[in-house]
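This report refers to the structure that appears directly beneath it.
The values are calculated or read from the model by the stated rules, or taken from the named source; none is laboratory data. On a predicted model such as this, the values are computed, not experimentally measured, just so you know. All Cβ positions, glycine included, derive from the backbone under ideal geometry; neighbour counts span all protein chains shown. These area figures cover heavy atoms from the full protein model, side chains too; ligands, DNA and RNA do not enter into them. Shrake-Rupley method; radii C 1.70, N 1.55, O 1.52, S 1.80 Å.
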Amino acid sequence: DAGITQSPRHKVTETGTPVTLRCHQTENHRYMYWYRQDPGHGLRLIHYSYGVKDTDKGEVSDGYSVSRSKTEDFLLTLESATSSQTSVYFCAISDGGLYNEQFFGPGTRLTVL
Amino acid sequence: DQQVKQNSPSLSVQEGRISILNCDYTNSMFDYFLWYKKYPAEGPTFLISISSIKDKNEDGRFTVFLNKSAKHLSLHIVPSQPGDSAVYFCAAKNAGGTSYGKLTFGQGTILTVHP
């Protein structure tokens with residue numbers, strides 16, 4: 001299994017508070033991605049990174065920011081959490097091979113009250 | 001604009017029978033397709049993939065078929081086993097140079113295999 005960890009695994013927070021989720025990889029893969037999974041929507045890309053300090057928006061980026069200061073770490077920040085951001089968040093990594101097979105972390109379940 | 005669609009939210013089959021999961025796409029620039037399986041409380045895991053230059057790819061009990069003219073792909077599981085019960089996502093990749101390997105996922109289909 002690819003070495004990907006996410007922390008925390010579960011978090012409950014209140015509306016308006018900042019939240020940071022961490023993704024850590026030990027595979028030295030170039031590409032990292034943040035997704036959210038919601039019923040009826042599948043996996044939707046929030047932000048992605050194609051190198052250290054190189055990031056870009058995905059399809060549902062409003063209300064989220066990211067940072068990647070090291071190859072192994074990709075942080076997702078909710079500046080002011082809202083109830084609509086209650087979701088399961090997955091980090092994924094890839095070395096950009098032919099099919100760009102992405103390896104996923106175990107997920108973080110975030111509840112915003 | 002849902003570019004990858006899995007129109008069946010759920011599928012129930014008997015153990016030993018065939019499971020067929022379907023996926024449609026609209027973007028003609030997609031030319032790599034992948035299937036992922038997801039168990040509860042775990043991240044998705046890669047299952048099988050296919051390039052648009054092929055129409056079939058097999059890996060053990062799993063076969064993916066691609067009909068490019070119809071923009072349709074399907075995943076066949078034969079024979080189905082109770083351990084196959086999971087959510088299945090299809091995903092598509094645009095091979096363009098600036099795609100950065102991004103995948104577009106369908107909504108997922110919940111497969112239940114009954115003993």
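Values as computed for the structure displayed
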quantity	calculated
Top-ranked residue in segment B:51-60 [being away from every other protein chain (no Cβ under 14 Å) and either open to solvent by less than 20 Å² (accessible area, probe 1.4 Å) or under 15 Å from the mean Cα position of the chain (by Cα) (or both); ranked as farthest from B:Ser85 (Cα to Cα)]	B:Asp55
Qualifying residues in segment B:5-50 (those that are small (Gly, Ala, Ser), open to solvent by 50 Å² or more (accessible area, probe 1.4 Å) and more than 22 Å from B:Pro115 (Cα to Cα)) - the one nearest to the other protein chains (Cβ to nearest Cβ)	B:Ala41
Every residue from segment A:81-99 that is open to solvent by 60 Å² or more (accessible area, probe 1.4 Å), in contact (Cβ under 8 Å) with a residue 40 or more places away in the chain and over 30 Å from B:Asp31 (Cβ atoms)	A:Ser83
Residue in segment A:49-65 that is more than 14 Å from chain B (Cβ to nearest Cβ), part of a strand (DSSP E or B) and over 17 Å from B:Thr104 (Cβ atoms) present	yes
First in segment A:62-80 and under 19 Å from A:Thr26 (Cα atoms), second anywhere and open to solvent by 60 Å² or more (accessible area, probe 1.4 Å) and among the charged types (D, E, K, R), Cβ under 6 Å, 6 or more apart	A:Leu75/A:Arg22
Residues of segment B:41-69 classified as in a loop (DSSP other than H, G, I, E, B) and either in contact (Cβ under 8 Å) with a residue 40 or more places away in the chain or acidic (Asp, Glu) (or both), total	3
Number of the condition not met by A:Gly42 [criteria: (1) modelled with pLDDT under 95; (2) open to solvent by 20 Å² or more (accessible area, probe 1.4 Å); (3) farther than 14 Å from A:Ala92 by Cα]	(2)
Segment A:3-28: number of residues that are open to solvent by 30 Å² or more (accessible area, probe 1.4 Å) and at negative phi	16
Filter result for A:Leu98 (among the aliphatic types (A, V, I, L, M), farther than 23 Å from A:Val12 by Cβ, over 14 Å from the mean Cα position of the chain (by Cα) and within 14 Å of another protein chain (Cβ to nearest Cβ))	yes
